[in-house]
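The values are calculated or read from the model by the stated rules, or taken from the named source; none is laboratory data. The model shown is predicted, which means the values in this text are computed figures rather than measured ones. Ideal geometry is used to build each Cβ from the backbone, glycine not excepted, and the neighbour counts take in all protein chains shown.
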Amino acid sequence: MTMDMNKTGSFDVGLTWSNSFARLGPDFFTSLAPHPLPEPYWVGRSLSVAHTLGLDAGWLDSDELLHVLTGNQPLRGTQPLASVYSGHQFGHWAGQLGDGRAILLGETGGLEVQLKGAGLTPYSRMGDGRAVLRSSIREFLCSEAMQGLGIATSRALCVTGSDAPIRRETTETAAVVTRVAPSFVRFGHFEHFSHSGQHDQLKILADYVIERFYPECRTRTDFEANPYANLLQCVSERTAQMVAQWQAVGFCHGVMNTDNMSILGLTIDYGPFQFLDGYNPGHICNHSDNQGRYAFNKQPNIAYWNLYCLGQALLPLIGEQGLAMAALESYKTVFPAAFEALMCAKLGLIDTSTDTAPADRALIEDVLKLLASERVDYTIFWRRLSHSNSGSDAQAVRDLFVDRNGIAAWLLRYSARTNQIDRRVAADLMLKTNPKFVLRNHLGEQAIRTAKLKDFSQVSTLLMLLESPFDEHPDFEEHAGFPPDWASSIEISCSS
Ligand code: AMP
Ligand code: MG
């Protein structure tokens, strides 16, 4: 594939670009070009995201696109910019933040394309504007893993690397993730304009988000037809759905600061995230989170806390505290209902009715208690339980527990329930609900170690497995096994 290079030195990859965010005006961003990195190389590429963007897959083999997505060449038609936002970090108002290392190239086919790690911006504060290879591989793989799991997320087209040294606790090397989402607007963008008293800009931003993503907020009659209260409710509902999915699959985000919360209810800003190995409800995946604010079982409440911050930010537009509180209330019904429905699906129970719901709820609570008491591997438990309904015996499930009596008693209750339904239908649902492959820390770590030696095959293998995590992939059993002992010593912090 050869690129068209025009006189100004910019490339064209055959996509049509716009940038609706840029039209919001200069209060919202700073225009600037990405900063180059020497001698870039491809680390990981997603054909699926290329397809979504309408990008001919051949470009992902080209040196030209490699340079463009590492920030070394402009892309014709794009208007690169870094946006300003603020936020609450670890429960405290952090003041102005912003895209400190992410540069939005523009929008194509309704999707924003951002280069994360593309150099200093006016919002870099003490940072260097860069991202290291390690965290970039984690973000790339997890974005596509979440997509494979059916959880709303930003996507990642690729990671490119460079041997340019980057100082963290040790010296590492640089990388850039090309991220894609309909919008990277965060709760923190609203907080920024609200807290600084720029209420005209706050309204411009809210109207922009409603126009593009939540047009129903203009026509809904809830909350006295107040579009901004409706917006808060819509965001609350999407966030509730997203966090319910996190809890059901055992995903811990790790840094749920309000600047990392998407206004579209997408999982964004993958940092010290972790998929649970053994089921430990209080698990803290972020080594920098000393207080355990973002522990796994705190995520649902933290999401509400963050929505409350969004509600406060929107208050100048909503007008009445009571309307904002009423809009937030929806979280308290949508989250538990969504979580329960997802857990019922994990158990293969599709026909939950008012008659069966209390017993089903007890089955869920009790199995989670059993899993927690022995820190049973969360992903393996659910996958084995799924297979036990498709004909294999339940011994493989019992083998996961030391206390055989506890699980045996639970399995008796469970099979009494599944006897009322078609077990094959249940098994089918379970095998599509309970993934065989998740991005465990040690799998990411192994791919990172080999990538540092310029062998990117593990990155490709993991991408392939995580794109279809419900398939058996019989040649990759080791990727679906228990974590090795060293996995528990992996320390993932905010350093990225
Ligand atoms: P995070 O917790 O990674 O989402 O980052 C919080 C804030 O710090 C955001 O505004 C980031 O853009 C910024 N940031 C994080 N790392 C860097 C870095 N290496 N250089 C510049 N800004 C950074
Ligand atoms: Mg962030």
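When the residues of region 38-82 are filtered to those that are aromatic (Phe, Trp, Tyr) and assigned to a strand (DSSP E or B), which remaining residue is farthest from the chain's Cα centre (by Cα)?
Looking at residues that are aromatic (Phe, Trp, Tyr) and assigned to a strand (DSSP E or B), I get TYR41.
Can you tell me how many residues within region 431-453 are more than 19 Å from TRP246 (Cβ to Cβ) and touching a residue at least 12 places away in the same chain (Cβ under 8 Å)?
8
Among all residue pairs at least 6 apart or on different chains, which show Cβ distances below 9 Å where the first residue, located in region 418-430, is within 14 Å of ASP360 (Cβ to Cβ) and the second is acidic (Asp, Glu)?
What qualifies is GLN420/ASP351; ILE421/ASP351.
Just for region 273-282: of the residues that are in a loop (DSSP other than H, G, I, E, B) and of a type outside the set (Gly, Ala, Ser), which one is nearest to ligand 2 (Cβ to nearest atom)?
The qualifying residue nearest to ligand 2 (Cβ to nearest atom) is PHE273.
Specify the residue that is farthest from LEU81 (Cα to Cα); the eligible residues are those in region 1-37 that are in a strand (DSSP E or B) and modelled with pLDDT of 95 or more.
Among them, the one singled out is SER18.
Check region 260-272 and report whether any residue there is within 16 Å of ligand 2 (Cβ to nearest atom), farther than 18 Å from VAL334 by Cα and part of a helix (DSSP H, G or I).
Yes, that holds for at least one residue.
If we scan region 33-50, do we find a residue that is in contact with a strand residue (DSSP E or B) (Cβ under 8 Å, 6 or more places away or on another chain), surrounded by 14 or more Cβ atoms within 10 Å (Cβ to Cβ) and farther than 24 Å from SER136 by Cβ?
The answer is no; no qualifying residue exists.
Which condition from (1) within 9 Å of ligand 1 (Cβ to nearest atom); (2) in contact (Cβ under 8 Å) with a residue 60 or more places away in the chain; (3) buried (at least 24 other Cβ atoms within 10 Å of the Cβ); (4) part of a strand (DSSP E or B) is the one that LEU105 breaks?
LEU105 satisfies all of (1) within 9 Å of ligand 1 (Cβ to nearest atom); (2) in contact (Cβ under 8 Å) with a residue 60 or more places away in the chain; (3) buried (at least 24 other Cβ atoms within 10 Å of the Cβ); (4) part of a strand (DSSP E or B) except (1).
Considering LEU439, LEU400, LEU463, which residue is under 24 Å from CYS252 (Cβ atoms), in contact with a strand residue (DSSP E or B) (Cβ under 8 Å, 6 or more places away or on another chain) and surrounded by fewer than 21 Cβ atoms within 10 Å (Cβ to Cβ)?
It is LEU400.
Of the residues that sit in region 241-259 and are assigned to a loop (DSSP other than H, G, I, E, B) and within 16 Å of ligand 2 (Cβ to nearest atom), which one is surrounded by the fewest Cβ atoms within 10 Å (Cβ to Cβ)?
VAL255
Looking only at region 119-165, filter to residues that are in a loop (DSSP other than H, G, I, E, B) and within 14 Å of ligand 2 (Cβ to nearest atom); which one of those is nearest to LEU53 (Cα to Cα)?
Filtering region 119-165 for residues that are in a loop (DSSP other than H, G, I, E, B) and within 14 Å of ligand 2 (Cβ to nearest atom), the one nearest to LEU53 (Cα to Cα) comes out as SER154.
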